[in-house]
Amino acid sequence: MTIVYIILAILILELLIFVHELGHYSAGKLLGFRVLGFSLGFGPALVKFKKGETDYALRAIPFGGACQFDGEDEEAQNDPRRFNANPVWKRLIVIFAGPFMNILTAYIIAFFIFLCTPVPVPAVNQATGQYIPVVSSVVASGAAKRAGIQADDILVAIGDEEPVPGDGETILDAFVAAIAKQKGDFSITVERGGETLVLPVSGAYSEATGKTTLGVSIGTLVDHYERNGFFESFGGAGKYLWTIVRLTGEGIAGMFKNGIHRGDVSGIVGTVGVMVNVAQEDSLNLVYVACILSLSLGLFNLIPFPALDGGRILFLIIEAIIGRPLNRKVEAIVNGVGLALLFGLMIVVTVSDVIGLIR
């Protein structure tokens with residue numbers, strides 16, 4: 001079954017790349033640009049044919065793709081169908097269309113997730129007005145597992161006290177903070193099937209790190225499920241994507257602050273590995289991952305780095321400001337260097353991913 005998920009993960013990745021290149025291709029065709037080539041993958045062509053003025057190809061290595069425009073890295077000539085012979089605004093639309101299609105695809109996926117997936121409505125403790133904390137999952141080799149804590153256990157107390165949220169905190173924050181404060185052995189009181197259990201926990205505190213790691217994820221008890229309406233799903237999708245962007249930004253900021261460690265950055269191998277793991281838990285998870293990957297692919301390509309769409313957009317903005325094109329040879333060299341750096345980074349990250357899988 002794992003091989004099926006691997007193939008499915010690769011197909012999803014390639015589909016998102018296809019959507020990206022299709023954005024460039026469609027915008028170029030609509031604006032009258034001459035498209036010389038459109039291909040999916042790298043390496044030797046498995047299938048190749050020509051229709052009109054465009055060569056189409058499906059290549060052997062199923063990662064990446066390309067949409068080649070006539071005169072893309074050359075000085076403008078009189079032919080109005082060559083890339084650099086067109087005004088800046090047209091070229092901006094063509095370059096931006098790729099990332100835009102990925103972002104739009106992510107939004108459409110998120111919209112249907114909200115429209116088709118029932119939304120959990122948390123249960124509320126009538127006495128406190130707070131949500132009811134519950135164990136969502138338990139790590140197989142963690143201290144919680146050894147203590148007999150199970151998924152769906154309702155958390156009541158940590159040690160001898162029931163955590164109370166402080167200013168700006170939720171009850172979940174209070175329980176997480178209470179667990180983090182424990183040193184040495186302690187107990188956790190839970191409710192399971194209407195019965196109250198006091199479970200002793202040992203081995204959660206590490207002298208080396210000074211941290212207590214219980215090995216659970218904490219969520220809220222669900223009272224019932226509701227479906228979003230059509231218009232509610234529009235807003236929900238937007239909020240969901242913004243949450244992904246915010247968390248990604250916080251993660252990147254954390255890497256600059258704390259340094260990059262193994263596992264912080266993944267390449268294609270690592271991404272496929274994550275997709276296979278989440279698919280084995282629940283095939284529907286692949287839809288969520290596809291949404292996140294599509295958004296990430298769109299935003300990543302907007303980074304103003306040479307060889308990325310964002311770098312080309314930056315060159316076009318500079319051209320619009322100074323009123324003349326930059327030296328095409330210099331631009332081509334800069335993009336070539338940027339591409340080499342990206343390939344180098346991809347190789348390093350891929351090797352790291354493979355080593356991680358072996359270990």
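What is the order of Phe112, Phe175, fewest Cβ neighbours within 10 Å to most? Walk me through the numbers on the way to the answer.
Values: Phe112 14, Phe175 22.
Ranking Phe112, Phe175 by Cβ neighbours within 10 Å, fewest first, gives Phe112, Phe175.
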Please give the charge dipole size of segment 1-79, origin at the Cα centre, charges +1 on K and R Cβ atoms and -1 on D and E Cβ atoms. Round to the nearest 20 debye. 480
Each label point is 7 Å from the Cα along the Cα-to-Cβ direction; what then is the distance between the points at Asp160 and Ile61, in nm? 6.4
Express in nm, to one decimal, how much length is gained between Ala127 and Lys145 on full extension, taking 0.36 nm for each residue of separation and deducting their alpha carbon distance. 3.5 nm
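State, as an integer percentage, the relative contact order of segment 121-225 based on alpha-carbon contacts under 8 Å between residues 6 or more apart. Walk me through the intermediate numbers first.
Numbers: 206 pairs, mean separation 40.3, N = 105.
Taking the mean separation of contacting Cα pairs over the length of segment 121-225, I get 38 percent.
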Would you please give the residues with an amide H less than 5 Å from that of Val119, counting only those at least 5 places away or on a separate chain, with H modeled from the backbone geometry? Glu226, Arg227, Asn228
Here are some pairs, Lys51/Lys90; Lys211/Lys239; Lys145/Lys211; Lys145/Lys183; Lys145/Lys181; Lys90/Lys329; which of them have Cα atoms lying more than 26 Å apart in this structure? Lys211/Lys239
Mind sorting His24, His224 by how few other Cβ atoms lie within 10 Å of their own Cβ, fewest first? His224, His24
Global size of segment 110-163 as Cα Rg and Dmax, reported in angstrom: 15.4, 45
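Pop the C-beta distance of Leu314 and Asp223 into the FRET formula with R0 = 45 Å and round what comes out to the nearest 0.05. Show your work: numbers first, answer last.
Numbers: r = 50 Å, r/R0 = 1.11.
Computed FRET efficiency for Leu314 and Asp223 comes out at 0.35.
Evaluate E = 1/(1 + (r/R0)^6) for Ile93 and Ala180, where r is the Cβ-Cβ distance and R0 equals 56 Å; express this FRET efficiency to the nearest 0.05.
It comes out at approximately 0.65.
Read-outs throughout are calculated quantities, based only on the coordinates presented, and are distinct from any laboratory measurement. Keep in mind that what you see is a predicted model, and the values were worked out from it rather than measured. Glycine gets a Cβ as well: all are built from the backbone with ideal geometry, and neighbour counts include every protein chain shown.
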